Each structure stands twice: as C-alpha cells, then as structure tokens.
Amino acid sequence: CGRGPGGCRGGRTDMALRGAASLAAGRQPRGPRREGTARWSSAAKASAVKINEKASREKILTLESMNPQVKAVEYAVRGPIVLKAGEIEKELRKGIKKPFTEVIKANIGDAHAMGQRPITFLRQVVALCTYPNLLDSPSFPEDAKKRARRILQGCGGNSLGSYTASQGINCIREDVASYIERRDGGVPADPDNIYLTTGASDGISAILKILISGGGKSRTGVMIPIPQYPLYSAAISELDAIQVNYYLDEENCWALNVNELRRALNEAKAYCNPKVLCIINPGNPTGQVQNRKCIEDVIHFAWEEKLFLLADEVYQDNVYSEGCQFHSFKKILYEMGPEYYNNVELASFHSTSKGYMGECGYRGGYMEVINLHPEIKGQLVKLLSVRLCPPVSGQAAMDIVVNPPVPGEESYAQFIKEKESVLNNLAKKAKLTEDMFNKIPGVHCNPLQGAMYAFPRIFIPSKAIEEAKAHKMAPDMFYCMKLLEETGICVVPGSGFGQREGTYHFRMTILPPVEKLKILLEKVKDFHIKFLEKYA
C-alpha cells in the first residue's frame with residue numbers, strides 16, 4: 001500500500017484477513033509483535049465472524065424473488081434437449097463411448113454451422129466496411145467497394161465502430177425501401193417507416209412491447225399460430241400478455257383458416273382484449289406458403305376486427321414447391337384498395353439470418369411499420385433508442401441483402417450462381433426430407449413448401465406415453481431425448497412449438513449437406529422402427 005496519511009491501514013487489513021483465514025483453518029495467527037498478539041487476534045476473530053456472516057447470507061436474487069415473467073419464458077429451440085446434446089458432445093470429446101461419433105444439431109436454422117458457404121459479395125462488402133484499408137486492394141471488386149464507401153459515409157467518422165441513429169443508417173433504410181418497392185412491383189415504401197433491427201426478433205419484441213397494455217380482461221391478447229416459432233410465446237410470457245392460440249390445419253398442408261381465427265378471437269374476448277394478430281409466412285416450423293386468397297382473407301379479418309397485423313416474412317426467399325409463390329402482406333394490402341391500405345396497421349419483418357444468406361451471427365434485420373399513429377412513431381423511436389442502435393456490421397450485411405449486385409456489375413454472375421446454388425440445394429433437400437419421412441411407418445410429413453424445416457407427425461405408442469409420464473416428460477420430448485441418446489441426432493419436440501392435443505411432432509432443419517442429411521434421415525428411420533417395436 002502507499003505511504004502517507006492512512007497509507008498503512010491497508011496493510012493492517014491484509015493482516016487481519018490473513019488472520020481470519022488462519023482462524024478458519026484452526027490455526028493461531030502469528031502477529032508481527034508479541035505484545036500485540038491478543039489485540040490483533042481479537043480483530044481477526046471479528047473479521048472471521050463477518051466473513052462467516054457473509055458466507056451464510058441469503059442471496060437477493062433467487063427463483064422465488066426473480067421476475068416471474070422471465071421465469072415463465074420458455075424457448076424450446078435452445079431448451080433441455082439442446083443442453084443434453086452439449087453434455088453428450090463433452091463426453092464424446094473425453095473419449096466416452098457412444099453408439100455414434102458425433103452429435104448432429106438439427107434443432108436450429110443455423111445455415112453456416114451446418115456447412116453452408118457464405119455469399120462472397122456480402123462478406124466482401126462487410127470486410128471492406130470493417131477494415132477500410134482494403135478499399136485500396138485490387139483483390140476486391142469495384143461494385144463491392146462502391147457499396148462499402150456508401151455505407152461508411154453514413155457512419156460517424158466513416159467507421160463501422162461508431163453508433164448510428166437508433167432507427168439505423170439512413171442510406172441503408174433508403175435501400176430497404178427501394179428493395180420493398182422492387183419486390184412488391186412498385187408499391188411505394190417510405191424510408192421513414194423502416195427500422196433496422198438486431199435480427200427480426202428485436203423488431204418483433206419491440207412492437208409487442210409497445211402494443212401490450214391493460215389489466216384483467218382488458219389485458220392485450222396476442223393471436224399466434226399453433227405450431228408457432230417459440231420467440232412469440234416467450235415474448236408474450238416476458239411481457240405478461242395473453243397468448244391466444246389459433247391452430248393451423250395440418251390435414252390441409254398447415255393452411256390458415258379464417259374460421260379458426262374467428263373461433264380463437266371470439267373465445268379470447270371472454271378473458272382478454274385481443275388486438276394483435278401474428279402471421280409467419282412462409283411458416284416456421286411448418287413450412288407452408290400462404291396463397292394470395294388466404295392473405296386477402298386474413299387482411300380483411302384484421303380490418304374487420306381492428307387487429308394490428310405482424311407479418312413475419314424472414315423466409316420470403318425460401319419457397320420451393322411448384323405453384324407456390326411468396327406474396328408480401330404489404331403488397332396484397334395495397335392491392336386491396338385504399339380502405340384497407342390506409343387503415344390496417346401492419347409491421348413486416350425480414351432478416352439476414354435466413355433466405356440464401358444464412359448470416360445468423362451478424363444479427364441484421366429490418367421492420368417496416370405502416371399506418372402507425374404519428375405520436376406512436378415517436379414512442380417507438382424512443383423505445384428503440386434505449387438500446388442505442390442495432391449492430392452496425394449487421395446493418396451493413398442487411399444492406400447487401402436488399403442491394404445486391406445487378407446485371408452489368410462485375411460481381412453479378414458469381415452472386416447469382418451462389419444464390420441459386422443455395423436455394424436449389426434447399427429445394428432438393430426439402431423434397432428429399434418429405435419423401436424419406438413419408439416412407440417411415442408411423443410418420444407423416446406435409447410438403448415442405450418453404451422455410452428450412454420439416455415438422456413431421458409421429459405416432460407414439462401408449463406404452464411409450466406412459467413411460468414418458470413416469471419420467472415427467474411430454475411424450476415427444478421423451479421420443480426426442482431417446483433419439484438423441486441413441487443416434488446423436490438433436491431435434492426439437494413439437495410440444496415446444498405447440499400442437500393439437502393428442503398429436504406429436506418434432507422439428508428438424510433441412511440444412512445439413514445432402515449426404516449427411518440422407519444419413520440423418522436413415523438413422524431417424526431405423527430409430528423410429530425400433531422405437532415402435534420396443535413400445536408396441
């Protein structure tokens with residue numbers, strides 16, 4: 001410790017602490033001077049008592065005292081089965097023998113983790129933005145440099161390391177608006193209605209946060225599809241809102257039926273104030289692509305019942321089945337005429353994480369919000385400003401999704417080749433997965449029209465259901481845990497997404513390379529047949 005006034009007090013404290021440690025170990029402390037031992041020993045004892053008091057003091061934050069809304073949150077995609085998969089991976093690394101040599105994590109739509117190669121042009125632009133000295137390198141194409149310079153000019157100090165406006169970099173929001181106009185055949189888009197977000201999830205959570213209010217029977221109800229992506233149920237739990245389930249029609253390719261929406265809405269009015277309707281198109285985990293007539297019916301229903309529409313469209317590039325086409329809610333809303341277009345409040349979401357890009361780690365995304373009350377727009381910007389701004393590298397990545405190379409630019413040929421390769425590969429794997437599942441006794445899989453998952457229905461014998469109950473597990477959780485322990489394949493039980501009573505499913509991504517996917521599907525087939533034999 002330093003010398004001077006009070007400079008040696010720290011030394012005395014250190015001695016006292018060392019003395020306390022000695023006492024705790026059953027030893028008498030040795031003081032620097034014999035005559036001061038008794039006094040020093042007394043101080044040490046007092047310190048030891050204080051230390052023991054601290055050790056036994058109850059924690060302020062416990063499961064009983066924590067925020068109950070956070071405790072209620074569940075997120076199946078990274079739930080117990082994924083934790084178990086992590087434990088098994090550690091055991092394999094330690095050399096513990098298993099009936100398999102690796103864990104295949106088919107639980108999450110993480111394209112690059114499954115071996116998908118990044119899109120060259122996107123990575124080039126982000127690299128140039130991250131390290132601007134590369135702008136002088138002949139190794140990078142001019143069209144990539146042009147985009148990087150434009151993005152950097154929109155950043156404070158021409159650096160990706162600076163904060164941006166809470167709504168996002170202005171030139172990128174302009175590019176998003178231009179992209180929406182091209183996608184929707186000229187339907188106007190205003191950059192002021194664009195908000196760059198930390199993946200689509202950030203935007204969805206922000207909109208829900210600002211929508212939810214009231215108490216008791218006037219508490220906001222949020223209508224979500226079942227099966228659903230667990231972000232929605234998790235956000236609803238965290239915000240202490242009311243979840244209102246409407247069921248997709250599994251017998252009709254997971255179609256959305258307006259009569260089912262009306263049933264769910266009317267029943268919910270008895271215990272909450274339903275004012276939000278969430279749509280996932282293409283569907284996650286179900287993979288259906290909604291047709292134009294269905295979207296028109298949903299928009300009319302929202303207009304008639306005065307519901308705020310949330311359109312989760314992050315899989316808009318992932319459409320595989322012949323006869324299926326992605327239609328944005330914004331485009332159909334516009335084409336239905338001014339009575340709808342000027343009144344229905346709609347928030348639409350997109351992301352860098354899915355599509356052909358698969359750039360999950362950049363956490364890039366945007367939302368477009370139309371027909372928002374001017375005063376609420378200010379409140380939304382205020383709410384977003386609390387998190388300062390979305391990751392700037394993610395904003396740059398989002399810019400390349402909405403502003404890719406065009407014909408005549410030097411990177412166009414390679415970009416289109418890579419994009420089409422990814423999407424054609426996914427289409428091939430979607431058909432392969434559907435066909436192989438439907439050859440397994442006791443398994444049925446609807447056509448994978450879009451997105452990047454299969455959600456097959458599985459038959460679970462009553463004997464297995466009873467054993468699952470004995471283990472205090474949902475039957476499909478029991479099934480998926482057995483699948484993991486016997487094959488190393490990690491999938492997510494359907495109960496984590498919601499399903500009709502008495503039906504069982506699991507969600508599996510189709511992202512692994514074709515040859516690995518074939519092996520995975522064969523292993524599932526062998527496991528399922530043995531499972532049926534064991535529990536028949």
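The values are calculated or read from the model by the stated rules, or taken from the named source; none is laboratory data. If you're wondering where the values come from, they're calculated on a predicted model, not measured in any experiment. Here the Cβ is made from the backbone with ideal geometry for all residues, glycine too, and neighbour counts use every protein chain on show. Ligands, DNA and RNA are excluded from the accessible area calculation, which covers all protein heavy atoms including side chains. Shrake-Rupley method; radii C 1.70, N 1.55, O 1.52, S 1.80 Å.
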Legend entry - region 318-372: GluC sites (Glu not before Pro) in DSSP coil with no more than 11 other Cβ atoms inside 10 Å: 322
Legend entry - Euclidean distance between Cα centres, region 68-128 to region 153-207, Å: 29
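Ranked highest first by average number of other Cβ atoms within 10 Å, how do 150-159, 375-384, 205-214 line up? List each step's numbers first, then the result.
On the way: 150-159: 15.6, 375-384: 13.8, 205-214: 18.3.
Per-residue mean Cβ counts within 10 Å order the peptides as 205-214, 150-159, 375-384.
Using DSSP to define loop residues, name the chymotrypsin sites (Phe, Trp or Tyr not before Pro) in region 225-308 whose beta-carbon has at most 15 other beta-carbon atoms within 10 Å. Write down the numbers at each step before the final one.
Numbers: sites: 232, 246, 247, 254, 271, 301, 303, 308; in loops: 254, 271.
Taking region 225-308 and a limit of 15 other Cβ atoms within 10 Å, the loop chymotrypsin sites (Phe, Trp or Tyr not before Pro) found are 271.
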Inset, instruction - Using Cα pairs closer than 8 Å and at least 6 residues apart in sequence, work out the relative contact order for region 121-402, in percent. - result: 23
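Highest first, please rank the peptides 389-395, 506-512, 457-463 by the mean number of other Cβ atoms sitting within 10 Å of their residues.
Values: 389-395: 23.3, 506-512: 26.3, 457-463: 16.3.
Going by the mean number of other Cβ atoms within 10 Å, highest first, we get 506-512, 389-395, 457-463.
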Inset, instruction - Report, ordered by chain and residue number, the lysines lying within cross-link reach of residue 59, taken as a straight Cα distance under 20 Å and ignoring same-chain residues fewer than 8 apart. - result: 50, 71
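Give the shape of region 70-204 as rounded, prolate or oblate, defined through the alpha-carbon gyration tensor: a ≥ b ≥ c are the square roots of its eigenvalues, a/c under 1.5 means rounded, and otherwise the shape is prolate if a/b is larger than b/c and oblate if not. Spell out each step's value before the answer.
Working: a/c = 2.47, a/b = 1.68, b/c = 1.47.
Prolate, since a/c reaches 1.5 and a/b exceeds b/c.
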Inset, instruction - Just give me a number: lysine pairs in region 121-402, eight or more positions apart or cross-chain, with C-alpha atoms less than 19 Å apart. - result: 17
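Output the peptides 168-176, 433-441, 481-489 sorted from most to least packed, where packing is the average of other Cβ atoms within 10 Å over each peptide's residues.
Details: 168-176: 23.1, 433-441: 16.7, 481-489: 19.9.
Listed from highest to lowest mean packing, they are 168-176, 481-489, 433-441.
For region 143-211, state which chymotrypsin sites (Phe, Trp or Tyr not before Pro) are in a DSSP loop and have at most 11 other beta carbons lying within 10 Å of their beta carbon.
Sparse-neighbourhood loop chymotrypsin sites (Phe, Trp or Tyr not before Pro): 163.
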Inset, instruction - Identify all aspartates and glutamates with a Cα-Cα distance to residue 525 below 17 Å; exclude those on the same chain that are fewer than 8 residues away in sequence. - result: 434, 435, 476, 485, 486, 515, 533
Inset, instruction - In whole angstrom, note down how far apart the Cα centers of region 485-536 and region 349-410 are. - result: 34
Inset, instruction - Could you list, in their original order, any pairs among 98/472; 428/463; 84/516 whose Cα atoms are separated by more than 28 Å? - result: 428/463
Legend entry - Accessible area expressed per residue, region 442-522, with surrounding protein chains retained (probe 1.4 Å, Å²): 36
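So how much slack lies between residue 139 and residue 406, counting 0.36 nm per residue of separation and subtracting their Cα-Cα distance, in nm? Walk me through the numbers on the way to the answer.
Details: separation 267, 0.36 × 267 = 96.12 nm, distance 1.99 nm.
Going from the current span to full extension adds 94.1 nm.
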Inset, instruction - Match the structure shown to one of the listed values [x] 59, 31, 23; [y] 31, 28, 27; [z] 46, 34, 28 of semi-axes √(5λ) of the Cα gyration tensor in Å, computed from it, and give that label. - result: [z]
Inset, instruction - Note down the accessible area of residue 65, probe 1.4 Å, to the nearest 10 Å². - result: 70
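Could you grab the relative contact order for the chain? Cα pairs under 8 Å, six or more apart, rounded to a whole percent. Numbers along the way, then the final one.
Values: 904 pairs, mean separation 99.6, N = 536.
Contact order relative to length: 19 percent.
Once you have the Cα-Cα distance between residue 519 and residue 439, take 0.36 nm times their residue separation minus that, and quote the gain in nm to one decimal. Let's see the in-between values first.
Numbers: separation 80, 0.36 × 80 = 28.80 nm, distance 1.48 nm.
Contour length minus the Cα-Cα distance gives 27.3 nm.
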Legend entry - Heavy atoms of residue 190 accessible to a 1.4 Å probe, total area in Å² rounded to 10: 70
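Report, in order of residue number, the helices in the chain meeting two criteria: a C-alpha extent of 27 Å or more along the helix axis, and a mean Kyte-Doolittle hydropathy of at least -1.0; treat each whole DSSP H run as one helix.
Details: long enough: 37-56 (28 Å, -0.42); 412-437 (37 Å, -0.53); 514-535 (31 Å, -0.17).
Counting only whole DSSP H runs, the qualifying helices are 37-56, 412-437, 514-535.
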Legend entry - Prolate/oblate/rounded call for region 121-402, Cα gyration tensor, a/c under 1.5 rounded: prolate
